[in-house]
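Single-structure report; data block below.
The values are calculated or read from the model by the stated rules, or taken from the named source; none is laboratory data. Nothing here was measured: the structure is a model prediction, and the numbers come from that model. Cβ atoms come from the backbone with ideal geometry, glycine included; neighbour counts cover every protein chain shown. Note: areas computed on protein heavy atoms with side chains; ligands, DNA, RNA excluded. Shrake-Rupley method; radii C 1.70, N 1.55, O 1.52, S 1.80 Å.
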Amino acid sequence: MSLSKYQQKRNFANTPEPAGKSTKKKTAALSFVIQRHKASHLHYDFRLELNGVLVSWAVPKGPSLNPADKRLAMKVEDHPYDYKDFKGVIPEGYGAGIVEIWDKGTYTDIDKSEDKNSSEQKLRAGLKKGDLKFVLHGKKLKGEFALVKLKNKEDNSWLLIKHRDKYAVDKSYDSEKETLKNSPINKWLHDHPKPEKKNSLST
Ligand code: MN
């Protein structure tokens, strides 16, 4: 768990993102956040608090409540704990674009340990094993999920999978449809329509 990669990639004189220098307040529960991020591509950033930082994955298609969906999740650098509240514009440079908070809440290990330390111990072991199981208490995402590392792939490829429980759905799930139509990113996309591809039919 280190923020050095996170800090190397960013110029904090230029970006409003947290530098990760503040010491976090101890809270009783572990936090998670899912940020929707319009950078060169629209994607979702899935972050779980663990040992004072946010362990992070970029999920191109966004999460799903349908257990049949296995959503690719690329593990990225740990982010500072304060990043869980970050939303806004990242100016030109690393990750340039807009970030909004899509869902947030608390989470536990799969055994729902009441004690944060034993929860973190189990989660650390799962992370190391490449098989991380947890329970989310968000507004949109609830119940059991797993992040499973893909073997024989680039070592940062994981799958985000919903477990079958009372929060699982069988119909198709599209995180974009669960996003407010007038969210900051959607407003921006509306104001900046993709330029028409002229000549695309003439080749
Ligand atoms: Mn991102």
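Might you check whether a residue that is open to solvent by less than 90 Å² (accessible area, probe 1.4 Å), in contact with a Lys or Arg (Cβ under 6 Å, 6 or more places away or on another chain) and either under 15 Å from L50 (Cα atoms) or of a type in the set (K, R) (or both) occurs anywhere in the range 146-169?
no
When you look at V89, is it open to solvent by 20 Å² or more (accessible area, probe 1.4 Å), of a type in the set (A, V, I, L, M) and in contact with a strand residue (DSSP E or B) (Cβ under 6 Å, 6 or more places away or on another chain), yes or no?
So V89 fits the description; yes.
When the range 99-114 is examined, which residues are found to be open to solvent by 20 Å² or more (accessible area, probe 1.4 Å) and either in contact with an Asp or Glu (Cβ under 6 Å, 6 or more places away or on another chain) or among the aliphatic types (A, V, I, L, M) (or both)?
Those that are open to solvent by 20 Å² or more (accessible area, probe 1.4 Å) and either in contact with an Asp or Glu (Cβ under 6 Å, 6 or more places away or on another chain) or among the aliphatic types (A, V, I, L, M) (or both): I101, I110.
Has the range 153-162 got at least one residue that is in a helix (DSSP H, G or I), among the polar types (S, T, N, Q) and over 24 Å from T27 (Cα atoms)?
No: zero hits.
Restricting attention to the range 96-147, report how many residues are within 16 Å of the ligand (Cβ to nearest atom) and at positive phi.
Summing the residues that are within 16 Å of the ligand (Cβ to nearest atom) and at positive phi in the range 96-147 gives 1.
Looking at the range 94-129, which of its residues are modelled with pLDDT under 95, in contact with a Lys or Arg (Cβ under 7 Å, 6 or more places away or on another chain) and within 20 Å of S56 (Cβ to Cβ)?
Scanning the range 94-129 gives Y94, G97.
Is it true that some residue in the range 14-30 is crowded, with 17+ Cβ neighbours inside 10 Å and over 20 Å from I98 (Cα atoms)? Steps first, answer last, please.
Just the residues of the range 14-30 that are crowded, with 17+ Cβ neighbours inside 10 Å, to begin with: 15, 17-18, 20, 30.
When the remaining residues are screened for being over 20 Å from I98 (Cα atoms), the result is 30.
Looking for residues that are crowded, with 17+ Cβ neighbours inside 10 Å and over 20 Å from I98 (Cα atoms), one finds at least one in the range 14-30, hence yes.
Restricting to the range 37-86, give me the number of residues that are β-branched (V, I, T), under 16 Å from S2 (Cβ atoms) and within 15 Å of the ligand (Cβ to nearest atom).
2
Search the range 155-176 for residues that are of a type in the set (S, T, Y) and pair each with any residue that is open to solvent by 90 Å² or more (accessible area, probe 1.4 Å) when their beta-carbon atoms are under 9 Å apart and the residues are at least 6 apart or on different chains.
Listed by first residue and then by second, the contacts come to S175/K61.
Looking at Y81, Y44, which is the one that is hydroxyl-bearing (S, T, Y) and more than 30 Å from H192 (Cβ to Cβ)?
Y81
With the structure loaded, tell me whether G52 is touching a residue at least 60 places away in the same chain (Cβ under 8 Å) and either in contact with a strand residue (DSSP E or B) (Cβ under 8 Å, 6 or more places away or on another chain) or on the phi > 0 side of the Ramachandran plot (or both) or whether it fails that test. Don't jump to the end; show me each part of the working.
Values: touching a residue at least 60 places away in the same chain (Cβ under 8 Å): no; either in contact with a strand residue (DSSP E or B) (Cβ under 8 Å, 6 or more places away or on another chain) or on the phi > 0 side of the Ramachandran plot (or both): yes.
So G52 does not fit the description; no.
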